[in-house]
Amino acid sequence: MTRPLNILYIHSHDTGRCVEPYGYDVATPRIQRFAEESLVFRQAFAAAPTCSPSRAALMTGQHPHCCGMYGLATDKVGYTLNDYSHHLARFLKTHGYTTALAGVQHVARLPWADPAVELGYDQMLNSPETTSGRNPARNAAAFLKQPRDRPFFLSVGFGETHRDNGNQGRRHSYAPDAPFVETLDGRYRRPPAPIPDTATTRQDWASFRDGARRLDDKVGAVLDALDDSGHADNTLVILTTDHGIAWPHGKGNLTDAGLGVMLILRGPADSGFAGGRVLDAMVSHMDLYPTICELLGVDAPDWLQGASLMPLARGEAEQVHDQLFGEQSYHGKSFDPQRSVRTERYKYIRRGDGPYIRIVDPGPTNDWLRSVGFRQLPAGRELLYDLYLDPNEMNNRIDDPELADVLSDLRARLDRWMDDTDDPFRDGSIPIPPALAAAQARGEA
């Protein structure tokens, strides 16, 4: 790489791996074309199955409980990073990068803080009429056309494929400008496992497919603008999402459906991130920060907890992890503490004390499953899954004597990780949402 490396970080909401390159019944031709030029990680995972914790882990290279993001960074919840100087945009800014944000970020302490100041962005590309991030592709394209004398880090965050949740009266559609779910043709669709195939779930899946199509168009527009800018051959493009889709068993859960994410990287030919390759090594969002440091030839900060992906990209290693950890604390004001450890074959999940809430965004599929007893399903405090024989994580084998040694090993791994990272899950001291704590202090909660 003879020219400084630019970084284009494109990220969506709640998409999981439900795009064409991962084999799903979802037409995303631009993402598919991009994958065929890139390095696709088929076993990539978020650090958490909800928005702000997963994004904070990616942007700081730290587990959510280590960087302080136990739940959402919104005014009604109020979690913040322990140290905003750890954010990738601020780090790159100290190394001479122009930094810009178009669309969603979900890590700054809104509405009190200015993301430009707090996160380290030189340019906020949302015009006044698009402060919700509705037009990040257009604003990102305009940024890419600008002449520049320094490398850039551009974050482009899309609202798709987050459920509308009825806020705009669109009945849980998966895009801010999508039609009603009921107007789409779901007759010939089939929802992904483990969701049952019913008229309701088919229609809901049709809506997700429509949201993914809209996402695909916007991703394509940004990639076209990059090509037109003349910077494509010296830009690392990262395409990912925050966590799994907003369906039961997905978002808000430490299942692979909740933590599994698309992760597709394209870079210059000599970077290793090119050529339409596919890898099955387990990787984490937290690996992106140290990977960028190695690509740029700068010292990695001592707080990073991931591993560089460069040995995989260069073909020097078959794996960089033999275990990955996940965590869930709060979503909104719902407390559902869980921790997990995953190896290539097994997943162990430990829940905290109290009722199991089954966090999931509202929507037709969730409503239908609740009507047939989903919320009443028994849930143990410990869960053990054989991911080879049970990839949907439906058969809890925690009491299976044949897996006693596996269970002992995974329990010990999780305990060591929580000890090493000072995880407050161990003693039940996870801090409650700051906004809730403030309300309690005022006697309002």
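Every number in this text was worked out from the coordinates using simple rules, so none of it is lab data. In this text the structure is predicted, and so the values were computed from the model without any measurement. All Cβ positions, glycine included, derive from the backbone under ideal geometry; neighbour counts span all protein chains shown.
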- [ ] Mind checking which of ALA89, LEU265, GLY186 is farthest towards the positive end of the range 6-313's charge dipole, using Cβ charges of +1 (Lys, Arg) and -1 (Asp, Glu) about the Cα centre?
- [x] GLY186
Open item on the list: Using the Cα centre of the chain as origin and beta-carbon charges of +1 (Lys, Arg) and -1 (Asp, Glu), tell me which of LEU119, VAL341, GLY68 is placed farthest towards the positive end of the dipole.
Closed with: LEU119
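In the range 54-94, what trypsin sites (Lys or Arg not before Pro) fall in a loop by DSSP, with at most 12 other Cβ atoms inside 10 Å? Show your work: numbers first, answer last.
Numbers: sites: ARG55, LYS76, ARG90, LYS93; in loops: LYS76.
Qualifying residues, ordered by number: LYS76.
Multiply the residue separation of LYS76 and ALA27 by 0.36 nm, subtract the distance between their alpha-carbon atoms, and state the gained length in nm to one decimal. It would help to have the intermediate numbers written out before the result.
Values: separation 49, 0.36 × 49 = 17.64 nm, distance 3.59 nm.
Using 0.36 nm per residue and subtracting the Cα-Cα distance, I get 14.1 nm.
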- [ ] Would you please give the FRET efficiency between ARG370 and VAL117, computed as 1/(1 + (r/R0)^6) with r the Cβ-Cβ distance and R0 = 41 Å, to the nearest 0.05?
- [x] 0.45
Open item on the list: Within the range 248-276, name every residue whose backbone N is under 16 Å away from a label modeled 7 Å from Cα of SER334 along the Cβ vector.
Closed with: 248-255, 258-259
Task: Filtered trypsin sites (Lys or Arg not before Pro), the range 184-219: DSSP coil and at most 10 other beta carbons within 10 Å - done: ARG187
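With charges set only on the Cβ (+1 for Lys and Arg, -1 for Asp and Glu), what does the dipole of the range 220-308 come to about its Cα centre, in debye to the nearest 20?
Details: 3 positive and 12 negative charges, 65 e Å.
Using only the charged Cβ atoms, the result is roughly 320 debye.
With the cut-off at 24 Å, tell me which of the pairs LYS145/LYS218; LYS93/LYS333; LYS76/LYS347; LYS218/LYS333 have Cα atoms farther apart than that. Provide the component values of the computation, followed by the final result.
Numbers: LYS145/LYS218 16 Å; LYS93/LYS333 34 Å; LYS76/LYS347 33 Å; LYS218/LYS333 32 Å.
Listed pairs above 24 Å: LYS93/LYS333; LYS76/LYS347; LYS218/LYS333.
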- [ ] State the extension gain, in nm to one decimal, for the chain segment bounded by ASP422 and ALA317, taking 0.36 nm per residue of separation less the distance between their alpha-carbons.
- [x] 34.8 nm
Open item on the list: Can you give the FRET efficiency to the nearest 0.05 for GLU36 and ASP302, using r as the Cβ-Cβ distance and R₀ = 41 Å?
Closed with: 0.65
- [ ] Work out from phi, with θ = phi - 60° and the Karplus expression 6.51 cos²θ - 1.76 cosθ + 1.60, the ³J(HN,Hα) of each residue of the range 256-261, listed in order in whole Hz, and give x for Gly and Pro.
- [x] 5, 5, x, 9, x, 9
Task: Point-charge dipole on Cβ atoms (K/R +1, D/E -1) for the chain, about Cα centre, debye to 20 - done: 1060 debye
- [ ] Treating only the Cβ atoms of Lys and Arg (+1) and Asp and Glu (-1) as charged, compute the dipole magnitude of the range 324-441 about its Cα centre; round to the nearest 20 debye.
- [x] 400 debye
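Write down the Å³ per residue value for the convex hull defined by the alpha carbon atoms of the chain. It would help to have the intermediate numbers written out before the result.
Working: hull volume 65.2 nm³, N = 445.
So the per-residue hull volume is 146 Å³.
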TODO: Would you mind calculating the relative contact order of the range 6-313 from Cα pairs under 8 angstrom and at least 6 residues apart, reporting the percent as a whole number?
DONE: 31 percent
Task: Exposure proxy ranking, count of Cβ atoms within 10 Å, fewest first, for ILE432, ILE264, ILE398, ILE245 - done: ILE398, ILE432, ILE264, ILE245
- [ ] Calculate for the chain the 222 nm mean residue ellipticity that helices alone would give, adding -39,500 (n - 2.57) per DSSP H run of length 4 or more and normalising by residue count, nearest 500 deg cm²/dmol.
- [x] -7500 deg cm²/dmol
Open item on the list: Using amide H atoms built in the peptide plane, which far-off residues or other-chain residues are under 5 Å from THR235 H to H?
Closed with: ASN6
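Going by average Cβ neighbours within 10 Å, how do the peptides 422-429, 222-229 rank, with the highest at the top?
Listed from highest to lowest mean packing, they are 222-229, 422-429.
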TODO: Give me the aspartates and glutamates in straight-line cross-link reach of LYS251: C-alpha distance below 16 Å, same-chain residues under 8 apart excluded.
DONE: ASP14, GLU160, ASP164, ASP204, ASP242, GLU327, ASP336, ASP361, ASP367, GLU393
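Given a Förster distance of 51 angstrom, what is the FRET efficiency for ALA439 paired with ARG345, based on the Cβ-Cβ distance and rounded to 0.05? Mind dumping the intermediate values first?
Values: r = 44 Å, r/R0 = 0.87.
Computed FRET efficiency for ALA439 and ARG345 comes out at 0.70.
Given a cut-off of under 8 Å on Cα pairs at least six residues apart, what relative contact order in percent is computed for the range 324-441? Walk me through the numbers before you get to the answer.
On the way: 121 pairs, mean separation 27.0, N = 118.
Contact order relative to length: 23 percent.
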